[in-house]
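A short write-up of the structure that comes next.
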Amino acid sequence: MEFDVVIAGGGFAGAYCARALGGAFGGAEGERRVALVSERNVLVFQPMLAEVAGSSLAPVDVVNPLRQFCRGVNVLQGTIQKIDWASRSLTLDGGRFTRDHRVGFRHLVLALGSVTDLGAVPGMAEYGWPMKNVADALRLRAALINRLEEANLVEDDATRARLLTFVVVGGGYTGVETAGQMLDFIRQAHRFYANLRDSVPRVVLVHSRDELLGEIGPELGAYARGVLTKRGVEVLLKARVSAVTARKVLLADGTSIEANTVVSTIGSAPNPVVMDLCRQLGIDGGKGRVPTDPTLRVAGIETLWAAGDGASVPWIDRGEAKTSPPTAQFALRQGTLLGRNIAAVLKGGEPQPFRYRYMGQLATIGERAAVAEVFGLHFKGFLAWWMWRTIYLAKLPGTMRKLRVMIDWTFDLVFPRDISQLLPPPEDVVRAIHLEKGENLFVQGTPCRSFFFVRTGSLTLSSPGLPDRAVATGSVIDQMELDSSNLWESTGTAAEPTDLVVFRGRLLEYLRRDLRLSKRA
Ligand SMILES: Cc1cc2nc3c(=O)[nH]c(=O)nc-3n(C[C@H](O)[C@H](O)[C@H](O)COP(=O)(O)OP(=O)(O)OC[C@H]3O[C@@H](n4cnc5c(N)ncnc54)[C@H](O)[C@@H]3O)c2cc1C
């Protein structure tokens, strides 16, 4: 497939760019000349994801099908594996059955945003719930409900308290909004659980800076902290998470929080596909933001353009030269201008520079309260919350979605939030786990539910009356450590911070069967 323009990425920047190009060419000509390539066939309205996690909006309320939103362009759903600049083409995986499609282009738009990399904090990739797309929000919602269900079952106070402790890492607007929504949801849902009436769920917001909401400024950040604290969120400022395990969040000051649920709103990292292209072109991609000129063209390359979170776009803010911040309001405006610029260039015209008068920022803090900075004025409380809802409703693309959201929000004012569990429990047969020194992997005499491969670190196996044994990196812990009733013969404890791969579920059954067969043979 060959196109005049390929737009890589169907987020705010890419979708609005495609919409502008579709409008400029339209119908069959647009579909022949312009392709929008995106991992998913929907535009996600990310500022409302926290409401999906908190069950106040349905997932379909916050997405818009790209094929309907960007009429007049060819939408190709697939994951870009590589962009090869020399051949002006990219390689796309459509899914499990269709890999390695080649899509050629004359002009390329980079609108791939950033990716989430939780690897910087040990254990975060294994236990931290990211909040980037609808699937993340739905999984988090399911996790919250599962924790309530489990807490309702257990009788041990410490286990119940741990199940009912929810830690959010990062005090930017995603973290603040998520913490507020989680608290609203858990508080409302909690009263339907007969065994939990006397227990108080905890939401802890951990932030490394000295005030929340650095994007909005210290005054509104302090106000948001005051409201959240009054409502019961424990806000820890100047606190850094140093490791996460299945049962606790360790902080850099040596303290820890016993919790089974950790949401990570940190860890934004450069998109690897973009960084690879930068290497091919000898461009300094900075921290994942490709530098452009004011017309959104990548400096020095006529046919390469970039917009949104993955672009470093010069911006004049009230006379002061700045770089556009990575927010939705910039991404969608840059996308629209970029679509118009490319259409102009293809028709022999001149591209225009990016100009935008910054409107401000808004963040909800739950229970009908928000903070807003609009044209330099500060609003807080109910008025800011009402502004948040009105502005986002106006920005939400599509009349049908606007109506749905209005209905959902009206219901949310009157009825309790939905606690139906929609997702089945995860059945990941292979998963990674992290243990801190001293944590048990398994206890002697308990049934075996998994086998393990030690990726990094080491463990000690102790059985009464026998010398301890060390299990080093690269070792496997399997049926050799079990008695004839499939119970562990020893207790396995991490001798240092240790990462393991766990084989469980159906895979464990297959392994056990194969091992039985090989023993018989
Ligand atoms: C939870 C959350 C809340 C937010 N709240 C606000 C807010 O209140 N206000 C605000 O202004 N901003 C907010 N933001 C930030 C805002 O959403 C981003 O600035 C904006 O989405 C950036 O748009 P983009 O198009 O550059 O990138 P994205 O929206 O990230 O889009 C990138 C697209 O590229 C696709 N992609 C990536 N890699 C590949 C690949 N290899 N192959 C194919 N497709 C790929 C992705 O699937 C995605 O569709 C929030 C972000 C999050 C995560």
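Where a number appears in this text, it was derived from the coordinates with a stated rule and is not lab data. Every value quoted in this text rests on a predicted model; they were computed, and no experiment measured them. For neighbour counting, all protein chains shown are included, and Cβ atoms are generated from backbone atoms with ideal geometry for every residue, glycine included.
Structural remarks
- Contact order, relative form, for the chain: 15 percent (alpha carbon pairs under 8 Å, 6 or more residues apart, mean separation divided by residue count).
- Signed unit charges on C-beta, dipole axis of the range 30-78, positive-most listed residue 77, 53, 42: 77
- Per-residue packing, averaged as other Cβ atoms within 10 Å, sorts the ranges 28-36, 464-472, 450-458 into the order 28-36, 450-458, 464-472, beginning with the highest.
- In sequence order, calculated HN-Hα J values of the range 243-253 (Karplus, 6.51, -1.76, 1.60; Hz; x Gly/Pro): 6, 10, 10, 4, 10, 8, 10, 9, 9, 5, 7
- Averaging over all projection directions, the Cα-based convex hull of the range 416-510 occupies 8.3 nm² in the image plane.
- Kirkwood Rh in Å, taken over the range 249-341 so that all alpha-carbon pairs contribute: 15.4
- Crossing angle, helix 134-153 versus the chain [Cα axis fit, 0-90 degrees, rounded to tens]: 30
- Amide H to amide H, with H built 1.01 Å from N, residue 444 comes under 5 Å of 491, 492, counting only residues 5 or more places away or on other chains.
- Partner aspartates and glutamates whose Cα lies under 15 Å from the Cα of residue 437, excluding those fewer than 8 positions away in the same chain, are identified as 496, 499.
- Under Karplus coefficients 6.51, -1.76 and 1.60, residue-wise ³J(HN,Hα) of the range 312-328 in Hz, glycine/proline x: 9, 9, x, 8, 9, 9, 6, x, 9, 7, 9, 10, 4, x, x, 10, 4
- Size descriptor, Kirkwood hydrodynamic radius, that averages inverse alpha-carbon separations across the range 291-415, Å: 16.7
- Whole-Å semi-axes of the ellipsoid equivalent to the range 194-295 (Cα gyration tensor, √5λ, descending): 36, 20, 13
- For the chain, the residue among 339, 179, 277 whose Cα projects farthest onto the positive side of the dipole built from Cβ charges is 339.
- Cα-Cα separations in the range 127-270 greater than 19 Å, expressed as whole percent: 50
- Long-range HN-HN contacts of residue 455 with modeled amide H, under 5 Å: 474, 499, 500, 501
- Inter-part distance, the range 140-188 to the range 246-290, computed on C-alpha centroids, equals 23 Å.
- An ellipsoid equivalent to the chain, defined through the eigenvalues of its Cα gyration tensor, has semi-axes of 43, 30, 21 Å when rounded to whole angstrom and sorted largest first.
- Rounded tilt (10° steps) of 399-414 against the dominant C-alpha axis of the chain: 40
- At q = 0.20 Å⁻¹, base-10 log of I(q)/I(0) for the range 239-302 (Debye sum, equal scatterers on each alpha carbon): -0.77
- Comparing Cα centroids, the range 386-437 and the range 53-128 end up 21 angstrom apart.
- Calculated mean residue ellipticity, 222 nm, the chain: -10000 deg cm²/dmol, from DSSP H runs (n ≥ 4) at -39500 (n - 2.57) each, averaged per residue and rounded to 500.
- Total formal charge among the other residues, if their Cβ is under 11 angstrom from that of residue 305, Lys/Arg +1 and Asp/Glu -1: -1
- Protection proxy ranking of 406-414, 161-169 - average other beta-carbon atoms within 10 Å, highest first: 161-169, 406-414
- Phi angles across the range 82-94 convert, under the Karplus curve 6.51 cos²θ - 1.76 cosθ + 1.60 with θ = phi - 60°, into 3J(HN,Hα) values of 7, 10, 10, 5, 4, 9, 6, 8, 10, 10, 10, 9, x Hz, Gly and Pro given as x.
- Cross-link pairs exceeding 26 Å in C-alpha to C-alpha distance, out of 132/248; 347/395; 132/238; 248/287; 132/395; 238/395, comprise 347/395; 248/287; 238/395.
- Entry for the range 1-137 at q = 0.22 Å⁻¹: log10 I(q)/I(0) = -1.27, Debye formula applied to identical alpha-carbon scatterers, no solvent contribution.
- Nearest 10 degrees, 0 to 90: helix 505-520 Cα axis against the chain principal axis: 50
- Largest-first ellipsoid semi-axes for the range 197-246, taking √(5λ) over the Cα gyration tensor eigenvalues, angstrom: 22, 17, 6
- In this Cβ point-charge picture (+1 for Lys and Arg, -1 for Asp and Glu), the range 276-349 has a dipole of about 180 debye about its Cα centre.
- 5 angstrom amide H check on residue 295, placed H, neighbours 5+ away: 354
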